[in-house]
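For reference, the structure discussed in these notes is given below.
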Amino acid sequence: QVQLVESGGGLVQAGASLRLSCAVSGRTFSRAVMGWFRQAPGKEREFVAAIYWSGGSTYYADSVKGRFTISRKNAKNTVTLQMNSLKAEDTAVYYCAADDWASYNDAKAYNYWGRGTQVTVSS
């Protein structure tokens, strides 16, 4: 059974950094796209960043470009999201997702999801 488990969320002040991790178990996603999405209260889930397991191409939402970095550790089956210069508007539950064929920014296309980790940024 595929499991994605996020960790690293927390409460920080604006301008601080956090590093989220997503540990994948149950299978190897050798050709997959791995994505980070977030959902704030009362809002729809939105794309944050994605990386293709093979080749390492990365993609970012405009709102996080230059502040967030997504990376992967193939041997450890782990994807991380380094978040710098955090803003109050980054407050949300962050979800890790994986799929073999999804378009990288289409949440509906991902079949595998973690349970999420809360990130709260105080201003």
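Structural remarks
- Segment 19-54: number of residues that are buried (at least 20 other Cβ atoms within 10 Å of the Cβ) and not in a loop (DSSP other than H, G, I, E, B): 14
- Each residue in segment 47-104 was checked for being of a type in the set (S, T, N, Q) and out of contact with any Leu (no Cβ under 9 Å at 6 or more places or on another chain), and 10 of them qualify.
- Members of segment 109-123 that are assigned to a loop (DSSP other than H, G, I, E, B) and either over 19 Å from residue 80 (Cβ atoms) or among the basic types (Lys, Arg) (or both): 111, 115, 123
- Hits in segment 73-123 (condition: within 17 Å of residue 33 (Cβ to Cβ) and hydroxyl-bearing (Ser, Thr, Tyr)): 78, 80, 94, 95, 103, 104, 110, 112
- Filtered by the rule that a residue be assigned to a strand (DSSP E or B) and out of contact with any Cys (no Cβ under 7 Å at 6 or more places or on another chain), segment 6-18 gives 7, 10, 11, 12, 13, 18.
- Among the residues of segment 29-62, those identified as at pLDDT below 95, small (Gly, Ala, Ser) and touching a Phe, Trp or Tyr at 6+ places or on another chain (Cβ under 7 Å) are 30, 32.
The values are calculated or read from the model by the stated rules, or taken from the named source; none is laboratory data. The structure presented is a predicted model; accordingly, all values stated were derived computationally and were not measured. Positions of Cβ are generated from backbone atoms using ideal geometry, with glycine treated the same way; all protein chains shown enter the neighbour counts.
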